[in-house]
1. Would you list, by chain and number, the lysines whose Cα falls below 23 Å from the Cα of LYS14, excluding same-chain residues fewer than 8 positions away?
2. Under a crude label model (7 Å from the Cα following the beta-carbon direction), how far is ALA61 from LYS9 in nanometres?
3. Can you sort THR54, THR59, THR4 by how many other beta carbons sit within 10 Å, fewest first?
4. For ALA43 and MET105, FRET efficiency with R0 = 25 Å and r from the beta-carbon atoms, rounded to 0.05?
5. Using a 7 Å offset from the Cα along the Cα-to-Cβ direction at both VAL97 and ALA22, what is the distance between the two label points in nm, to one decimal?
Amino acid sequence: MATTIDGKKPATTKSGHRVVLAPQLSKGPALTPAGVPVPTPYAISGGSHSAKKTSGRFTIAGAPVLTTASYMDVDPPGNAASKATGGDVLNAAACGVIKMIDGSMRVFAGGKGVVC
């Protein structure tokens, strides 16, 4: 029988969970005739296999679970192409991390909600 929390499968470093965000607007390398970078949307995604700051003691099938303190690396290339032209429009970041912000309100690991 599979482990579920509120009818959802908890995210672990071995569960294969994926996060796909809305396209992120970055200063793209496509230059206008005037030589100015243009805002370009980039798809941003990540996988639970790259999660950091997972639960140290709470595991499922031997894999640490993700909590609201966890974060994932952005899958390459992310918005890496925009790094030379200034990165993200809002914060100038390029290929950062995806922070987990939504977790269970009933199941906790280390005082943080478990991510499903």
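Please treat every number below as a calculation from the coordinates, not as lab data. These figures come from a predicted structure and were not determined experimentally. Virtual Cβ from ideal backbone geometry, glycine too; neighbours counted across all protein chains shown.
1. Answer for LYS14, where 23 Å is the Cα cut-off: LYS52, LYS53, LYS99, LYS112, listed by chain and number.
2. Spacing of the two 7 Å Cα→Cβ label points: 0.7 nm.
3. Details: THR54 23, THR59 15, THR4 10.
Fewest-to-most Cβ neighbours within 10 Å comes out as THR4, THR59, THR54.
4. On the way: r = 30 Å, r/R0 = 1.20.
Computed FRET efficiency for MET105 and ALA43: 0.25.
5. 2.4 nm
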